[in-house]
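Read-outs throughout are calculated quantities, based only on the coordinates presented, and are distinct from any laboratory measurement. Quick caveat: nothing in here was measured; it's all calculated off a predicted structure. Cβ sites come from the backbone with ideal geometry, for glycine too, and all protein chains shown count toward neighbours.
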Amino acid sequence: MTAAVLYGKEDVKIEKVPIPTLERGEVLVKVNVALTCGTDLKVFQRGYHARMIVPPALFGHELSGVIEEVGPGVRDFKRGMRVVALNSAPCGACFYCLKHQENLCEDLLFNNGAYAEYIKIPRRIVETNMLALPEDVTFESAAMTEPLACALRGLQETGAVIGDTVTVIGAGPLGLMVIQLAKLTGCKVIAVVKRDEQVVSARHFGADEVVQTTKVKDPVDSLIAVTEGRGSDIVIEAVGRPQAWQWSVDMVRRGGVVNFFGGCATGTKVELDTNRLHYSELTLKATFHHTPKTVRKAFSLIAEKKVKSTDYVTGEAPLSKLKQVLQQMLDRGSQIKTAIIPGH
């Protein structure tokens, strides 16, 4: 089969590799759609991901497709079923899983290889995080389940409720999903973005106010000004840059919540005002990944057409063009997500 193989920093090759063979409980899926995402872009740019992928390795993790083959012992899935398979599954038995923090599982199993004609789904993912698609859910929509589950958990962990003012820093795919989810929750949403096209996207997905960092003298002052001088109830950083982490703390109101949702590079340090943290009673937290519960909630939002792929998937390309697509993303093109079609 044809597949993308990551060898290192900005080094992805489209190669012929063997079709995976199945063991007990495993499933082989013929990939119909694999979506690009910010995490894949970071992996492409850095050449690795400390938790998810070490090169050389098959690449990509947002996918949907049709079951081509089932291994021995698979009960709930059959050949020909349309499915979405998530990129990980917890063990269900460790300290963190028993604390309902499955995203922190001591043996969190990751699966890569979406940019390929076929992908093998390990038994644990088949049993925990693979879902059958209703007839009216498209492959592109289903493939968004993984990032949407991450965005949903990020918002839920802040405790956002109707009427809250939520500021989202960043308007990449995940930032836009957080904006849309916050709006669906009934919040007032403020987006902090950099580029002109991001202003348009942020408003399209529900932002009530937009602060464009390149058009104001001080983004923090501008944010404070549109929140009646108090700051935002909740600030979610969805960029993964130290400066944006520090902005988050300065943009939140007294008693507010900051979620450092965007992961910075390994070894990154930030400086925070301890006086402000203490006397303003700020809550600082971070969220990583998703859980089986948020996966199912995200999938239900997609099935109910509350989140639509037509808003996010702004381009399509064959697998042979993957490297060019990723390079365009690095160059800050206007695409939000590109659907990679392995069969083309």
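Descriptive notes on the structure:
- Calculated from backbone phi, Karplus (6.51, -1.76, 1.60) coupling profile of region 19-29 in Hz, x at Gly/Pro: 5, x, 9, 9, 10, 4, x, 9, 9, 9, 10
- Amide H contacts for Val192 (H built 1.01 Å from N in the peptide plane; partners 5 or more residues away or on another chain; cut-off under 5 Å): Val168, Ile169, Gly170, Val211.
- Within the chain, antiparallel bridges make up roughly 55 percent of the DSSP beta bridges whose residues both belong there.
- Per-residue HN-Hα couplings for region 233-246 [Karplus 6.51, -1.76, 1.60; θ = phi - 60°; Hz; x = Gly/Pro]: 4, 9, 10, 10, 8, 10, 10, x, 10, x, 4, 5, 4, 5
- Magnitude of the charge dipole for region 158-285, about its Cα centre and with charges confined to Cβ atoms of Lys, Arg (+1) and Asp, Glu (-1), is about 160 debye.
- The C-alpha atoms of the chain define a longest principal axis, and helix 145-156 lies at about 30 degrees to it.
- Dimensions of the chain from C-alpha coordinates, computed as largest minus smallest value along each principal axis and given longest first, are 61, 43, 40 Å.
- Whole-number percent relative contact order across region 158-285, with pairs defined as alpha carbons under 8 Å at least 6 apart: 22
- The translational diffusion coefficient of region 1-136, from Stokes-Einstein at 37 °C and 0.692 mPa s with a Kirkwood hydrodynamic radius over alpha carbon pairs, comes to 213 µm²/s.
- Surrounding net charge for Ser88, when Lys and Arg each add one and Asp and Glu each subtract one, Cβ distance under 10 Å: 0
- Taking every alpha-carbon pair in region 158-285 and binning the separations at 5 Å intervals from zero gives 2, 12, 23, 26, 22, 11, 4, 0 percent.
- For Val33, nonlocal amide neighbours, meaning residues 5 or more places apart or on other chains whose placed amide H falls under 5 Å from its own, are Ser64.
- J(HN,Hα) series, region 127-138, from Karplus relation 6.51 cos²θ - 1.76 cosθ + 1.60, nearest Hz, glycine and proline x: 7, 10, 9, 10, 10, 7, 8, x, 4, 8, 9, 6
- 10 °C / 1.306 mPa s Stokes-Einstein diffusion coefficient of region 60-163, Kirkwood radius on C-alpha pairs, µm²/s: 106
- Amide hydrogen proximity for Lys337: with H placed 1.01 Å from N in the peptide plane, the residues at 5 or more positions away or on another chain lying under 5 Å are Thr314, Gly315.
- A cut-off under 15 angstrom between Cβ atoms defines the neighbours of Lys306, and their net charge, with Lys, Arg +1 and Asp, Glu -1, is +2.
- Peptides ranked, highest mean first, by Cβ atoms within 10 Å: ranges 143-150, 266-273: 143-150, 266-273
- Pairs exceeding 28 Å between alpha-carbon atoms, taken from Lys78/Lys297; Lys183/Lys293; Lys188/Lys337; Lys188/Lys321; Lys215/Lys323: Lys188/Lys321; Lys215/Lys323.
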